[in-house]
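Okay, structure first, notes after.
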Amino acid sequence: MPSDCISYQKSGYFSKLIVDYLNQDANLQSLYHRFPTVENFEQQILEKRDSFDLTHRNVLVSVLKKQYDKSAVSALTQQNIEALSQPNTFTVTTGHQLNLFTGPLYFLYKIISTINLTRELKEKYPTYHFIPIYWMATEDHDFEEINYFSFKGKKIRWNKESKGPVGRLSTEGLDKVLDALKLELGTGNNATSIKKSFQDAYLNHDNLTDSTRYLANMLFGDYGIVILDADNADLKREFIPFIKDELLHQTSNKSVLETAQKLKEYTIQVNPREINLFYLEDNLRERIILEGGTYKINNTSIAFTRAEIIALLESHPEKFSPNVIMRPLYQEVVLPNLCYVGGGGEISYWLELKSYFDAVNITFPILLLRNSVLLVTEKQYDKAEKLDLTWEDLFAGQEDLVNKKVKVFSEFPINFSEQKYFLKKQFEDLHRIANQTDNSFLGAVNAQESKQLKGLEHLEKRLLKAQKRKHSSELQRITDLQNELFPNHGLQERTANFSEYYIEYGIGLIKRLTDELQPLDKNFSIVKL
C-alpha cells in the first residue's frame, strides 16, 4: 500500500505562482494580506468585525431569507442564516459556476473545504460563528463552459442557445439530458437516486439558479451551507459606491495594472479592462465601454451620457454586473467574509487584486487553496501496492514513470554514465596531443568525441527501448492504473462527475470526503473509497 503523500508543490499540477504563494515567497508577500494559518484568522476576524457595517448584515439576511423562501432548508442552514445578523458571525466563501449537474468533482471539494474550514475555526475561536457560503456565479455568460458534464469519459451535453446571464436561463430541454444520463446509469438504488436528483433539480425548477441551489442544498444542506445568488438589486445597492467609482474613475484598472508589473515573471491570469463592469439584462451581458465621454454597451446600440448612467445606477443597480476583476470586491462588500477558498486559477487572479482593495479601503480576505483530491478505489489501491508504486510515481509524467520503472525492473543498469566517463578520459589525452598540432586535427578530435558520445547515447536509448519491450506487461499494468487515476493525463477532479462515484458509494461519498479533507493542509488528498 502506498503510504507516502505528495505536496501541492511537488504534484506537478500547480503553476509557479501558486507554488511560490504556498512557499510564502518574499516577492509575493505584498500581494496578499495574511497567509492561511489558523492563527492568522484572529487578526482577520478583528479587522473585519471593525470594518463591516451592521446594515450590510441586515440586507444580507433579508435577501437570503427571500431566496430560500421556496426551498427546503436544513435546520443548520436556517440557523446559519439567522446568525449572519450578529456582529460575531463571519463567513468563509467559495464561488463556482453553475455547471450542469455540478460539473467536475472539484465543485464538491471547494464546498467541503469551505465547510471544514468553518468547523476548524469554530474549534479554535469558540466565541464566534463561522458560516460556509457558496456564491453562485449566476451572472456569468460563458454557457459553453458549463453546459455539459462527463460520466465515465462520455460528455453529456445540454444543447441550447444562451446569450445573457446563465442563472436566468430556462431549464427547458434538460429532459433530453436526463434521458441521455439514464442510458449510462443502469439500474440499482443509487442509479435511481441520481436520476431523481437530476429530475428534482432541473426538471422541477424553471431556471438554472434555482436548479443549482436545489442540487447544492441537497448535497450539502445538512452541513449548513448557505447558498447565495448575488444577482440581486438589494445586494447591488450596497455596492453602488464602488460601481460609481468604477464608472467615473476606473480605479480597478489603474490598481491591477500596477500589480501586474510585480507579476511579470508569471503568467497573468486576467487582465483588467478600462471599465470592469457589464450591462445586464435577461438576454444580455455586455461590456460597458467609455468612448469620448459616452458609455456604450458593447455589441448593441445602447449608450448613456455620464449623467444618464449614474441615474440608471441609482435607480437600477441590478443592471450592472461586475466582471472577474470586480466580483471579488462585490463579495467582500456584501459579506462579513474572512477567507476565499478557490482553485489555483482563482487564487492567481485574487493575487492581482490586493492593491485595488487597498485603494478602495476594503479588507482583503485570506486566500486559501481548496483541497485537491484523488479518489482511489480499494482495487486501484491494491494494484498500486502490488506494483510497488508510490503516489509520487503516480503523479509523475507517464514517460518519466515508465523510464523510472523499467530501470528498476532491469537486471543491469540502463545507464552508460560510466562508459561516457571513461570515453571522455580517453579523449583528454587526445586533446593534449591535438593542442600541440594544428586546428584541423583538434577539430577532428572534437568531432570524433562528439560522435562517439552520441553513439553511446543512442545505444542507451536502444537498450532502454529493448528493456521496455521485455517488461511490457508490467509497464502496461502501471500505465493502465495511472490512466484510470489520471484520465487523459490530467487530474481526475477536473473531468469526472460526482455521479460516477455516487452510483457506487451513494450519499456516503459526501460524508467520507467531509471526514477526510483538511483545508489548511498543503498535501494533495488521497482518499481511498
Can you name every one of the strands (runs of 3 or more DSSP E) wholly within the range 272-326 that holds 1 or more residues which are among the charged types (D, E, K, R) and in contact (Cβ under 8 Å) with a residue 60 or more places away in the chain? 277-281, 284-291
Output the qualifying pairs, or none if there are none: Cβ atoms under 6 angstrom, residues six or more apart or on different chains, first residue in the range 244-257 and in contact (Cβ under 8 Å) with a residue 12 or more places away in the chain and under 10 Å from Pro272 (Cα atoms), second residue of a type in the set (Ser, Thr, Tyr) and not in a loop (DSSP other than H, G, I, E, B). Ser252/Tyr356; Ser255/Ser355; Ser255/Tyr356; Val256/Tyr356
For the range 509-519 the number of residues that are surrounded by fewer than 16 Cβ atoms within 10 Å (Cβ to Cβ) and either in a loop (DSSP other than H, G, I, E, B) or small (Gly, Ala, Ser) (or both) is 1
Please determine, by comparing only the residues of the range 1-27 that are surrounded by 12 or more Cβ atoms within 10 Å (Cβ to Cβ), more than 20 Å from the chain's Cα centre (by Cα) and in contact (Cβ under 8 Å) with a residue 24 or more places away in the chain, which one is farthest from Tyr106 (Cα to Cα). Pro2
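Condition check ((1) surrounded by fewer than 23 Cβ atoms within 10 Å (Cβ to Cβ); (2) among the small types (Gly, Ala, Ser); (3) outside any helix (DSSP H, G or I)) across all residues:
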residue: Thr94; (1), (2), (3): no, no, yes
residue: Lys110; (1), (2), (3): yes, no, no
residue: Leu117; (1), (2), (3): no, no, no
residue: Pro126; (1), (2), (3): yes, no, yes
residue: Pro132; (1), (2), (3): no, no, yes
residue: Ser150; (1), (2), (3): yes, yes, yes
residue: Lys163; (1), (2), (3): yes, no, yes
residue: Leu178; (1), (2), (3): yes, no, no
Can you report the number of residues in the range 479-493 which are surrounded by fewer than 17 Cβ atoms within 10 Å (Cβ to Cβ) and closer than 18 Å to Trp391 by Cβ? 7
Those residues of the range 152-196 which are more than 26 Å from Ala230 (Cβ to Cβ), aliphatic (A, V, I, L, M) and in contact (Cβ under 8 Å) with a residue 12 or more places away in the chain amount to Ile156, Val177, Leu178, Ala180, Leu181, Leu185, Ala191, Ile194
Within the range 211-233, is even one residue modelled with pLDDT of 95 or more, out of contact with any strand residue (DSSP E or B) (no Cβ under 9 Å at 6 or more places or on another chain), within 30 Å of Ile289 (Cα to Cα) and surrounded by 14 or more Cβ atoms within 10 Å (Cβ to Cβ)? yes
Scan the range 343-364 for residues that are crowded, with 19+ Cβ neighbours inside 10 Å, of a type in the set (A, V, I, L, M) and in a helix (DSSP H, G or I) and report the count. 1
The lone condition Gly397 fails out of (1) touching a residue at least 24 places away in the same chain (Cβ under 8 Å); (2) under 23 Å from Phe52 (Cα atoms) is (2)
Matching residues in the range 1-42 - criterion: being out of contact with any helix residue (DSSP H, G or I) (no Cβ under 9 Å at 6 or more places or on another chain) and either of a type in the set (A, V, I, L, M) or within 24 Å of Ala260 (Cβ to Cβ) (or both): Lys16, Gln24, Ala26, Gln29
Inside the range 171-188, can you point out the residues that are closer than 13 Å to Arg157 by Cα and among the small types (Gly, Ala, Ser)? Gly173, Ala180
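The values are calculated or read from the model by the stated rules, or taken from the named source; none is laboratory data. Since the structure is predicted, the reported quantities are computational estimates derived from the model, not experimental observations. Heads up, the Cβs are rebuilt from the backbone with ideal geometry, glycines too, and the neighbour counts pull from every protein chain shown.
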